[in-house]
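Let me begin by presenting the structure, written as structure tokens, before commenting on it.
Bear in mind that the values in this text are calculations on the coordinates, not laboratory data. Just so you know, these numbers come straight off a predicted model, no measurement behind them. Cβ coordinates were reconstructed from backbone atoms using ideal geometry, including for glycine residues, and neighbour counts include every protein chain displayed.
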Amino acid sequence: MALPDITSRGDIQYLVETFYKHVHSDPLLAPVFVMPEEQFQRHLTRTINFWENWLFQTGAYDGGMMWVHLEKHQEHPMTKDHFEHWLAWWFHTVNSHFSGEKADFVKEKALEIGNIMLIRLNRQPSTP
């Protein structure tokens, strides 16, 4: 049975929340995402808005991604290993629940974004 593609904000919410369950259980990544619950909920909402805007051009995301990650990098330096784990969990989560054009797009865009962020933070590219 083929997996469905991402077709709604609900699908994106499911994807993002499932992804962060994996991230929070990963010994390398979990410390990066330690924050008060209210702050984490804002992060989830912004992340869902980000992907919804990319996939469905909703205008739900108002930008500002890089400065947040630069701040977090000061508290908890994010290395190539962090980005590779992050991408591996993202690809695993997408591939476990979705298939199709939108699913492929979110994987490609995450790889692109991960590489840009890694280069800006550490000056070295990542691999999937």
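Here region 3-62 is treated as an ellipsoid with the same Cα gyration tensor; its semi-axes, largest first and in whole Å, are 22, 15, 8. Sorting the segments 3-10, 43-50 by their residues' average number of neighbouring beta-carbon atoms within 10 angstrom, most packed first, yields 43-50, 3-10. Nearest 10 degrees, 0 to 90: what angle lies between the long axis of helix 37-56 and the longest principal axis of the chain (Cα atoms)? Taking Cα atoms only, the helix is inclined about 50 degrees. With each label modelled as a point 7 angstrom along the Cα→C-beta vector, the PHE91-GLN13 pair spans 2.9 nm. Using a basic spin-label model with each label point 7 Å from the Cα along Cα→Cβ, how many nm lie between THR79 and ARG120? The modelled label-to-label distance comes out at 2.3 nm.
Taking only DSSP H segments of four or more residues, each worth -39500 (n - 2.57), what value at 222 nm results for the chain once the sum is divided by all its residues, to the nearest 500 deg cm²/dmol?
Mean residue ellipticity, 222 nm, calculated: -23000 deg cm²/dmol.
The modelled label-to-label distance for the pair GLN57/HIS24, using points 7 Å beyond Cα in the direction of Cβ, is 3.5 nm.
Quick one: if the Förster radius is 25 Å, what FRET efficiency do ASP104 and ARG42 give, using the C-beta to C-beta distance and rounding to 0.05?
Values: r = 28 Å, r/R0 = 1.13.
Efficiency, rounded to the nearest 0.05: 0.30.
Where does the chain land on Rg/Rh, using Cα atoms and the Kirkwood Rh? Before the final figure, lay out each step's value.
Values: Rg = 14.2 Å, Rh = 15.1 Å.
Dividing the radius of gyration by the Kirkwood radius yields 0.94.
For the chain, the longest principal axis of the Cα atoms and the long axis of helix 80-97 meet at an angle of about 10 degrees. Angle of helix 9-25 to the longest C-alpha principal axis of the chain, folded into 0 to 90 degrees and rounded to 10: 40°.
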